[in-house]
Structure formats: C-alpha cells, structure tokens
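Before any comments, here is the structure.
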Amino acid sequence: MARATGASGIGLFLLLTLLFSSVFYALVIATGHLGGGMGMYVTGLMWCPGLAAVLTCRLRGEGLSRLGWHWGAWRWSWTAYLVPLGYAAVAYVLIWTTGLGGFGNAEFLARTGKALGWENAPAWLTTSGYLLLLGTVGMVRSLTTALGEEIGWRGFLAPALVTRLGFTRGALVTGLIWAAWHMPVLLFADYNAGTPWWFGMPCFVVLVLASSVMTTWLRLRSGSLWPAAIMHASHNLFIQAFFTPITAPHGAITPYAIDEFGFVVPLVMVVAAVLFWRRRGAVARPPAPAR
C-alpha cells in the first residue's frame, strides 16, 4: 500500500524537483549561460523533474507504471511530432510575410553549411538537408532531454492535478508550475532570444501554458507520457534549432516577434491549444493513485 505524502504525492514531487534543480540552477547561473558545462548542466536540469517523479513513486511505494511508460497508439506520437512543426511554420510564415523578420539568415546558413561540410552547396540544399537531418537524427537527441522533463510534468504531475482539479485547471496549474521552474535560468542566465525580461517572461508563460494544455491532452488521450515527450522535443527542435536561427533580423522589432520570448509563436500556440481544449471531453479524468 502506498504511503500518502499529500493526496497524491504532489508536494513531495515538487519538493524533490526543487532540491534537485537547485544544484543545476546554481551551476547554470554561475556560468551565466545555458551552454555552461558544455551543455551538461542544462541536461541535468531537464532530468530533475523525471528523477523527482521516479523517486516520489518509490518513496510512496507506487509502481512506476503510474508514469505512463507504455507507447500507446502511433497516431498520438505522430500528432505530437507534427503539431509543433505546424504551429511553428504558421508563426514564422506570419513573421516572414509581415516583415517582422526575413527568411534565410545568411550567417546561419553559412555556418550550417560549413558544419555539414557543404560549403559550396546552394542555400536551398543546405536548408532542406539540414531540416531533414534535424527532424530525424536531431529528434533523437532532443527527445533524450525532453523526456527527463516530461516524466515529471506529464508523467506524474499533470494526471495528479487533473484528477484533483479537472482538465482545464489541472493543465493550467501544471503549466504555471512548469513556467515557474524555468524562471531562474530565464532571469539569471541567458535563456532568452534578446528581449527584456519584462517582455520575454509574459510571452514565455503564455507559450508554456498553451503547450501544457496540448501535452496534457495528449498524455491523457493516449495514456502514455511518450506523446508529451515527443511534442516537447519537436517544439524545442524546430523552433530553437531551425525557425528562429534561419530568420534574418529586420531591425529592432525582430527579437520581439520570434522565438519563445517574442509574441507571435505564443499567440499561434494559444490558437492551437484552444483547438485541443475544445476536445477536452475526449479525455477521461485519471483515477486517483492508490494510497
């Protein structure tokens, strides 16, 4: 029989997440950027929620099956992969066509061509080849870090909160906690695309809340944490490694429009999240964990 620590272990999970994360917050902040420790600090940070979830289950005497390890139907994995590509494409096409930014950052393409060994290739080949590699091989690497977060946020926390609060409040409260977890590196390191904190923080919070609605829906609809991890990985991959860097600056306005800290991507994601939210009746409230 599980030992109760709070109604479903939420308090214990949050405490452990904070304790583990504090170590990597300190290391990232000491270096001042997310690339500190050759990227290992931020990888460690992203695995703290997952470690906290596993340890919470163990301390409560619960099986790890609570976290949703089974794969589930393939359609949810493909949906999770394609949805971020879709909303990112819509957002950046809006940016490029309205002049908030331009398509084809020459500096980025030159750097990418050199890294691929394609210095003399035309821009269209470098762009399409890089995107193909990113969406396949790059996805594997992105998933290894996103999974660490999603074991905690969607594997453990979101189902517990939805059980107590219902889908809408559960997804949004999960999103608020998830956003707050990012704040130390947003405020005290370089997790930003160039906007002031007072602008970037609200944009990022809106983006995370929208993402939480979609990933929570996928977690509950599929019964698996994997679609949530795939969606998280796909979002990080396509926005951070393709759409943002390939966008050329068009004056001082561009940082305020692009990436996770500009206004366009969060607004498009809100529209996508509403479409998921309107189908909230398709997901069942998870049963309360055994005590």
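Taken together, the values in this text are just the output of simple stated rules run on the coordinates, not laboratory data. Quantities reported herein were computed from a predicted structural model and do not represent experimental measurements. Ideal geometry is used to build each Cβ from the backbone, glycine not excepted, and the neighbour counts take in all protein chains shown.
Some points to look at:
- A Gaussian network model of the chain, with springs between Cα atoms under 10 Å, assigns the largest mean-square fluctuation among 204, 108, 238 to 108.
- Tilt relative to the chain, helix 123-150 - C-alpha long axis, 0 to 90 degrees, to 10: 20
- Taking the C-alpha atoms only, the angle from helix 10-31 to the longest principal axis of the chain is near 30 degrees.
- Simple label model, 7 Å out from Cα along Cβ direction - residue 106 to residue 43, nm: 3.6
- Cβ-based charge dipole, the chain, positive-most Cα from 199, 85, 12: 12
- Dividing the summed -39500 (n - 2.57) terms of all DSSP H runs of n ≥ 4 by the residue count of the chain sets its mean residue ellipticity at 222 nm at -22000 deg cm²/dmol.
- Distance from the range 16-94 to the range 209-269 (C-alpha centre basis), Å: 14
- Fully extending the segment from residue 199 to residue 128 would add 22.3 nm, taking 0.36 nm per residue of separation and subtracting the current Cα-Cα distance.
- Shape of the range 1-93 from the C-alpha gyration tensor: oblate (a/c of 1.5 or more and a/b not above b/c, with a ≥ b ≥ c the square roots of its eigenvalues).
- Percent RCO, i.e. relative contact order, over the chain, from Cα pairs under 8 Å lying at least 6 residues apart: 30
- Given +1 at the Cβ of Lys and Arg, -1 at the Cβ of Asp and Glu and no other charges, the dipole of the chain around its Cα centre is 1260 debye to the nearest 20.
- Distant alpha-carbon pairs in the chain (separation over 33 angstrom), percent: 22
- For the chain, the longest principal axis of the C-alpha atoms and the axis of helix 40-59 are separated by about 20°.
- Approximate spin-label separation residue 279-residue 15, in nm, with each point projected 7 Å along Cα-to-Cβ: 3.9
- Shape call, the range 165-272: gyration tensor on alpha carbons, a/c limit 1.5: prolate
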